[in-house]
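Worksheet for the structure shown next.
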Amino acid sequence: MKTTEDRASELLAASGFDRVARRLAGGFLAVHEAVPRLASLFSTQQRWLMSHVALARHFYAVRSGRPGLSRREFLEDLQPLGLASRNTAAAFFDEVLHYGIVQPAPAGGRAPDLVVPAPATLSALMEWFALHLDALDRVDGGSRLAQLRRTPEHMLVTMQPLVAASLIGNPTIRRPPQSYAIFASIDDGGSLMDRLIAGLDADASQHEARALTNVTSISALVQRLDLSRTHAGRTIAAAAAMGALGWDGTPGRSRLWLSQAFRNEYALMQAMKLAIIDDAFGVTVGRDEPMMEADIPERTADDAWASPPH
């Protein structure tokens, strides 16, 4: 049976995968433009993973016929995972409620403090899955996206908890490569990184040591992103100090280039996600057995979240 790493290696070796990764980056930016507040809230590694934990609890509850997530349940699910302190997790829950990312669940005789994802949140999640399934189809000519569009509610309810469990349990996802981690660890860093990758020259080869982008200044970089020039400039400077990127000439008056190592790290993280999503998709559509070894066991609606391996 293949591991996630085996499947990710296959994807990375596929012809044109660098263009697939670049297309994904553009798709993520389109989602950011459509729902900037939502995208901004989930544009760090920590918040992204916390959101998947919360969504998994929600979808398990939907499958049991009792939709709704409480603040207490969210905090209890997170504690064994080491994703965030209790105070950070509580502040995150309060923030997504404040901004309407989640909303109070219909009462129906249940506890009054339950919340459910807002319709716009579920739409964005559906688009996130659509982008990844489309990317997989572009690699092998499959029809995953069409299957998602045929039965979206069933696919989402079944796939998302499987994906969440594997993301949480995967060491590479939890501890990204160094250059990638610089962006993934800061507010809006994920969107900033997507902007850089999407801005690569169309004819850039994956074998180039330094591939040029269309970014010519920090101001140009943050256009259409909810980022300050100062915030973006500090991040670019930190990445430049590691050799991940740099200016082709005078800083701010030339084009930014991205190193091959940085581009490879981005492609690796996309391939790992795609491998996880592809396996969850296969289970959802009725493949006899998972394509890959599970990173952590699937839980039932009543189980506590399994702790990831260390």
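Read the figures in this text as sums done on the coordinates, not as results from a lab. Model, not experiment: these values are computed from the prediction. Backbone-built Cβ (ideal geometry, glycine too); neighbour counts: all protein chains shown.
Quick check: residue separation of Asp113 and Ala209 times 0.36 nm, minus the Cα distance between them. What number comes out in nm? The partial results should precede the final answer.
On the way: separation 96, 0.36 × 96 = 34.56 nm, distance 5.33 nm.
Stretched out fully, the Asp113 to Ala209 stretch lengthens by 29.2 nm.
Taken over the Cα atoms of the chain, the convex hull encloses 132 Å³ per residue.
Rounded to the nearest 0.05, the FRET efficiency derived from the C-beta distance between Lys2 and Ser185 at R0 = 35 Å is 0.70.
When both the stretch 1-34 and the stretch 123-154 are represented by their alpha-carbon centers, they are found 13 Å apart.
Label separation (Arg255 vs Met242): 2.4 nm, computed from points 7 Å beyond Cα along the C-beta direction. Scanning residues 5 or more positions from Val102 or on other chains, those with amide H under 5 Å from its amide H are Leu97, Ala118, with H placed 1.01 Å from N in the peptide plane.
Pairs of Cα atoms nearer than 8 Å and 6+ residues apart set the relative contact order; for the stretch 12-166 it is 28 percent.
Please report, in debye to the nearest 20, how large the charge dipole of the stretch 178-263 is about its Cα centre when each Lys and Arg carries +1 at its beta carbon and each Asp and Glu carries -1 there.
Working: 8 positive and 8 negative charges, 45 e Å.
Its charge dipole is roughly 220 debye.
Dividing the alpha-carbon radius of gyration of the stretch 234-279 by the rule-of-thumb value 2.2 N^0.38 Å gives 1.49.
Which Cα, out of Phe183, Ala261, Ala238, lies furthest along the positive dipole direction of the stretch 178-263 (beta carbon charges, K/R +1, D/E -1)? Of the listed residues, the answer is Ala238.
Under a 5 Å amide H cut-off, with hydrogens placed 1.01 Å from N, Leu245 pairs with Ala240, Ser259 among residues at least 5 apart or on other chains.
Might you report the magnitude of the Cβ-based charge dipole of the chain about its Cα centre, with Lys and Arg at +1 and Asp and Glu at -1, to the nearest 20 debye? Numbers along the way, then the final one.
Numbers: 31 positive and 34 negative charges, 138 e Å.
So the magnitude is around 660 debye.
For the chain, what's the relative contact order in percent, using C-alpha pairs closer than 8 Å and at least 6 residues apart?
On the way: 417 pairs, mean separation 85.5, N = 310.
Here the relative contact order equals 28 percent.
In terms of overall dimensions, the stretch 1-111 has a Cα radius of gyration and Dmax of 17.5, 55 angstrom. Sorted ascending by nearby beta carbons within 10 Å, beginning with the fewest, Val96, Val139, Val31 become Val139, Val31, Val96.
Before anything else, pin down the relative contact order of the stretch 178-263: Cα pairs under 8 Å, at least 6 apart, normalised by residue count, whole percent. Relative contact order comes out at 33 percent.
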